[in-house]
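Okay, so here's the structure we're looking at.
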Amino acid sequence: MFRRKFLKASALAGVGLTALGVGSVLSVRAQDAKITADNWGEMVGFKPDLSVLKVPAGTVITKANVDQVKGLLAPGLEKLVRKYELKLTITDYAPVHPSLAYIKATNDNLGKAKVWDVGKDYRKPGWTGIAAGLPFPKPKDGLQVAYNFLNTYTGDDADRLYDVTWVSAKSGVETTEYWHWMTMKTVNRTDIDPRPGIDQFASERTRSASLTFALEPYDKQGFGALYFSSLDPVDLTGHVYVPAMRRVLRQSFGTRGDSWNATDFLFEDVGGYLGAAEWMNWKLVGQKTMLLPLNSGAKLTKDVKSVIDLDKWPHWNPKVNWQARPVYVLEATPKIPDYPYSKMLLLVDAETYTVVYKEALDKKGELWKIILSGGTQSPDAKTRPMVPGFGIALDLQAEHATTVTFRKFTANQKLDPNTFTVSNLKKRGH
Amino acid sequence: MEESESAPSDDGSSYEDDSDHDDSDGDDGPPDESSFTVNAMMKLQGGLFAPLASSGFKPHENRAFIESGASFQGPPCDPIVTPGKPCSPMDHAMDPGTPSISRATLQIEAHWDFTRKLSLHTIIRGARMGSTAADERAQVPTLLPRRAGETDEDLSQRRRDYARNWVKKNYYDRFELREFYLDYLPLDWLTFRVGRQQLAWGETGQFRMLDVVNPIDSSWRFGALESFEDQRIPLWMWLTTIDVNKLSGALELLWIPGIDRARDMVSVPLSNFGAWGAPYSNQPGTYQILYKDFKYPGGELNGKYMRGGFRWKADAGDHASYSLVYFYTHMQSPVLQRANYLQRVTSDGVPIPDNYDSNYAQSAEFSFPRQHIVGGSFEYVLDDPFGMTLRFEGAFEPNRTYSQRTDTSGLGQIDGISYEPRTKPVVNYALVIQRPTMIRFLNPTQNFLLVAQFMHTAVTDLDRVRDSDLVQVVGYNDWRINKNSYTLVFFATTNYMRGIITPRLTAVYMPSPYYKDSGFVSLDVGFRIGPHYRLNVTVTDFVGKNPYRDLGFFRDRDEVHGSLTVLF
């Protein structure tokens, strides 16, 4: 039922499905012309139709005037405005592009990538030729969009300090945790040496390395995890450090629909979708201009309340900016048996190829969760990625949410690959 | 827009919000900057002994009888008055409702990152415990002799009072610098950790095969129900870690100088305390020990007290890890070397030459012999559809030392008995299967972590006849060494309401082909109450047909336990 409404909304907005033929033509055009920072958006996606937005910048959309932006909001977002007091502060559209090195790599590797549907063999790789840069400018289908956001520009390494807050519509803030998370791309690097890959990870076909550990509260402090994602559609592998045991243990990580750290996020919800493209059936529903909190203006701060309205019911609403964005509407249905979501609807920003918004349906097809995130402009877009602003996983059925806000973020700081070792995990755990 | 590649600045790009960032408290700066953090927690624990299902909700009786021969059961006796033959306990129960623990703990943990290469970590812990009735039955090192004209009742009460006070003084009220160590990283691949610390080797959860560096103090509660982190006795150590990234591993070199307080160099003997201690033996020796003289291996800088070892731990591909361990140490539990009879004296107090009372040992000498431990571990992750981690951990002890029984063994001499504890090669290994598993009809959103462990201990050259005088625990004379011992563990946990409720189920079973099986089942439910409070309620049911073997020791100690932790 919900899915039908969503599809209908897309159709009513005058955006048809991306026809195969049109996509092919666009791909040819993308290969003919050089992609630059200035034309990035229209060359890799499409220009937003700003005429559909009838309210000026500065307008605050509430349940009183939400009809003025009808058709520009996903159904779940509209529900948040109408029922859960979400307010949207409208700002002007501002284009976003990746680093110049990433753009160059996109040009250099244009046309090399090929992907295919692996069907039921979702543990077998369904791609070849994906190198640095965006693999599929002007994507033809949902699968290509999926590979685009899985290979989108995030810088070559990043270091974050962030707060996690559990909130309930009934009782407000339940608890908070404070975490540190470092990541490093190990292949298809564009910005910093070694490029394009780090040799010591090559033999294991590692895509990226992560090291994360809890800083607060005391009973969680020191817990850490070191894990590696693969170029192949297999589960994460890695180690955890358990302070109560003072040991590093090898761990099979929950990537089959487990929640992360007892939050409303599944592991794969982090960043919109963190799983493998092969695990889902992807369908490009359409492309349209919609309101999303990209360029959200969310500050890096330890004052969570300045980003999330923790004081006012329902205690999870972000206090950020929204703008009209070019969006690919993507539908994903899981191939993995017993996956908790029956279907996911993702709004993928057509410039940044980030999953800014996701609706997840339960087994009955009812709206269960909304995943929302929004970064802000990079201080130096030529060399560095956008700054993460906030993330929210909202369980509408339980009226419960988990929010993530950031205190600090650095990128492309030349993290030492030896940071991502078991020995270092143990040292950092005390 | 001009299109040119520009490299990021050398210091990386920091997108920190300057208006909001305040490094003065250090809690929001990156870890590679100077920072100082302090955390603390206060924990209140209380528990009661309560007979549960395995006991039919009926208490066991605490009984002892004068015994003569295998079949004769005489009148009741008090093992506190007569901690030796002929008084033999039949059981050692505590009355239902008797406190099992009352403990308050305050722990403060501080960490200074002076620079990226230098940091200091410290943990200070203070604990106060209330005495329990069971402490009166602790088998403390000193046995008060009977005073002239003292009745059995008076003697028993005096010994009970003494034991209770001794336990409280020595183990229950603490203020200790648990950890205090400096981390220094002179090179990217070299780290020194110097100071009082814990070091855990090995990969299995419930067993301590390679986790043998720190001794254990489980004086306040049954060890399996408390974390090893809280039970380990930190020692002063020098740990050198050499990262060998080309081999995806690290070599740890350990030196323990042995300068800790002597008694802290070994695990606290189970007989030294009450509620969770070892009961009076049902097969006591022929003499009563007036003073247990533990020759603790430590307390000064001396080669004979030093310990050392190494561990190499590395990844073997992206699915496997392994470790190799060697450690040269001392036995962690005591071995009886000699009992010195009480010399008789004249009425004037003058010792009578060559005249000894064989009913009493003036002292019994216990040692902690040297021991080698060598072993390794292996972990492997099986991908979907198995989605599990397999672990193996094994240890070989070529010279574990066992005591002889105290009632019939030893070389009798006029002034005492000299024992001949013997070393045996011992092999331990454990297999562990760990799997996060979605059981959606029980929990639709969060997986269950399921862990199954199997452990086997084999005393390889044990001869049932020749070695029939060797016992597992000194003083428990009918607890002979088993050639093979097995332990099975099952553990499951999940959480509900996004971590607000966390149940944990632990079951341990020790099958015994020679004697009687034993084990326990423990259900703990944790509640997260806001950011600062944690409440846990635990119910533990011990089973064991033999009250003097394995976990049967605790069959009368079914417990209902609660704890409240406040985090600062």
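At-a-glance table
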| quantity | calculated |
| --- | --- |
| Unique residue being at the interface with chain A (Cβ under 10 Å from one of its Cβ atoms), more than 26 Å from the chain's Cα centre (by Cα) and modelled with pLDDT of 75 or more when the list is B:Thr37, B:Thr82 | B:Thr37 |
| Residue identified as surrounded by 20 or more Cβ atoms within 10 Å (Cβ to Cβ), out of contact with any Leu (no Cβ under 9 Å at 6 or more places or on another chain) and aliphatic (A, V, I, L, M) among A:Ala169, A:Ala158, A:Ala74, A:Ala101 | A:Ala101 |
| The stretch B:546-568, residues that are more than 14 Å from every other protein chain (Cβ to nearest Cβ) and either surrounded by fewer than 20 Cβ atoms within 10 Å (Cβ to Cβ) or assigned to a strand (DSSP E or B) (or both) | B:Asn546, B:Glu559, B:Val560, B:His561, B:Gly562 |
| Failed item, numbered, when B:Gln206 is tested on (1) part of a loop (DSSP other than H, G, I, E, B); (2) over 13 Å from the mean Cα position of the chain (by Cα); (3) more than 9 Å from chain A (Cβ to nearest Cβ); (4) not charged (D, E, K, R) | (2) |
| Criterion (of a type in the set (A, V, I, L, M, F, W, C), within 14 Å of chain A (Cβ to nearest Cβ) and either surrounded by 20 or more Cβ atoms within 10 Å (Cβ to Cβ) or assigned to a strand (DSSP E or B) (or both)) met by exactly one of B:Ala430, B:Ala361 | B:Ala430 |
| Criterion: under 22 Å from A:Pro417 (Cα atoms), free of Cβ contacts under 8 Å to residues at least 40 places away in the same chain, of a type outside the set (Val, Ile, Thr) and in contact with a Lys or Arg (Cβ under 9 Å, 6 or more places away or on another chain) - qualifying residue of A:Gly222, A:Gly155, A:Gly238 | A:Gly238 |
| Selected residue (only one of A:Gly429, A:Gly391 is modelled with pLDDT under 95 and more than 7 Å from chain B (Cβ to nearest Cβ)) | A:Gly429 |
| In the stretch A:234-274, the residues that are among the hydroxyl-bearing types (Ser, Thr, Tyr), assigned to a loop (DSSP other than H, G, I, E, B) and within 24 Å of A:Arg189 (Cβ to Cβ) | A:Thr255, A:Tyr273 |
| Which listed residue, of B:Val521, B:Val543, B:Val525, is within 22 Å of B:Asn62 (Cα to Cα), in contact with a Ser or Thr (Cβ under 8 Å, 6 or more places away or on another chain), among the β-branched types (Val, Ile, Thr) and more than 14 Å from chain A (Cβ to nearest Cβ) | B:Val543 |
| Which listed residue is in a loop (DSSP other than H, G, I, E, B), at pLDDT below 95 and farther than 24 Å from B:Lys295 by Cα, from B:Val451, B:Val465, B:Val381 | B:Val465 |
| Residues being of a type in the set (Asp, Glu) and within 20 Å of the chain's Cα centre (by Cα) - total across the stretch A:88-138 | 0 |
| Residues (under 29 Å from A:Arg246 (Cα atoms), in contact with a Lys or Arg (Cβ under 8 Å, 6 or more places away or on another chain) and not aromatic (Phe, Trp, Tyr)) located in the stretch B:152-192 | B:Asp173, B:Arg174, B:Glu176, B:Leu177, B:Arg178, B:Glu179, B:Leu182, B:Asp183, B:Leu185, B:Pro186, B:Thr191 |
| Selection within the stretch A:284-329 - in a strand (DSSP E or B) and of a type in the set (S, T, N, Q) | A:Gln287, A:Thr289, A:Asn321, A:Gln323 |
| In the stretch A:397-429, the residues that are assigned to a strand (DSSP E or B) and either among the polar types (S, T, N, Q) or surrounded by fewer than 21 Cβ atoms within 10 Å (Cβ to Cβ) (or both) | A:Thr402, A:Thr403, A:Thr405, A:Thr410 |
| Criterion violated by B:Tyr402 - all others in (1) crowded, with 21+ Cβ neighbours inside 10 Å; (2) outside any strand (DSSP E or B) satisfied | (2) |
| Selection status of B:Thr115, touching a residue at least 12 places away in the same chain (Cβ under 8 Å) and within 30 Å of A:Lys427 (Cα to Cα) | yes |
| So B:Ala320, is it within 14 Å of another protein chain (Cβ to nearest Cβ), in contact (Cβ under 8 Å) with a residue 24 or more places away in the chain and under 21 Å from B:Gln198 (Cα atoms) | no |
| Subset of the stretch B:364-396 (residues that are within 14 Å of chain A (Cβ to nearest Cβ), under 34 Å from the mean Cα position of the chain (by Cα) and of a type outside the set (Gly, Ala, Ser)) | B:Phe378, B:Glu379, B:Tyr380, B:Val381, B:Leu382, B:Phe386, B:Met388, B:Thr389, B:Leu390, B:Arg391, B:Phe392, B:Glu393 |
| Scope the stretch A:71-85; condition more than 21 Å from the chain's Cα centre (by Cα) and more than 18 Å from A:Leu330 (Cα to Cα); matching residues | A:Lys79, A:Val81, A:Arg82, A:Lys83, A:Tyr84, A:Glu85 |
| Identity of the residue in the stretch B:227-259, surrounded by 17 or more Cβ atoms within 10 Å (Cβ to Cβ) and free of Cβ contacts under 8 Å to residues at least 24 places away in the same chain, that ends up farthest from B:Val167 (Cα to Cα) | B:Asp230 |
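Residues are listed down the side, and each one gets a yes or a no for (1) among the acidic types (Asp, Glu); (2) under 13 Å from A:Leu77 (Cα atoms); (3) assigned to a strand (DSSP E or B); (4) in contact (Cβ under 8 Å) with a residue 40 or more places away in the chain:
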{"position": "A:Glu331", "(1), (2), (3), (4)": "yes, no, yes, yes"}
{"position": "A:Pro337", "(1), (2), (3), (4)": "no, no, no, no"}
{"position": "A:Pro340", "(1), (2), (3), (4)": "no, no, no, yes"}
{"position": "A:Leu347", "(1), (2), (3), (4)": "no, yes, yes, yes"}
{"position": "A:Ile371", "(1), (2), (3), (4)": "no, yes, yes, yes"}
{"position": "A:Gly374", "(1), (2), (3), (4)": "no, no, yes, yes"}
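The values are calculated or read from the model by the stated rules, or taken from the named source; none is laboratory data. These figures come from a predicted structure and were not determined experimentally. Cβ: placed from backbone, ideal geometry, glycine included. Neighbour counts: every protein chain shown.
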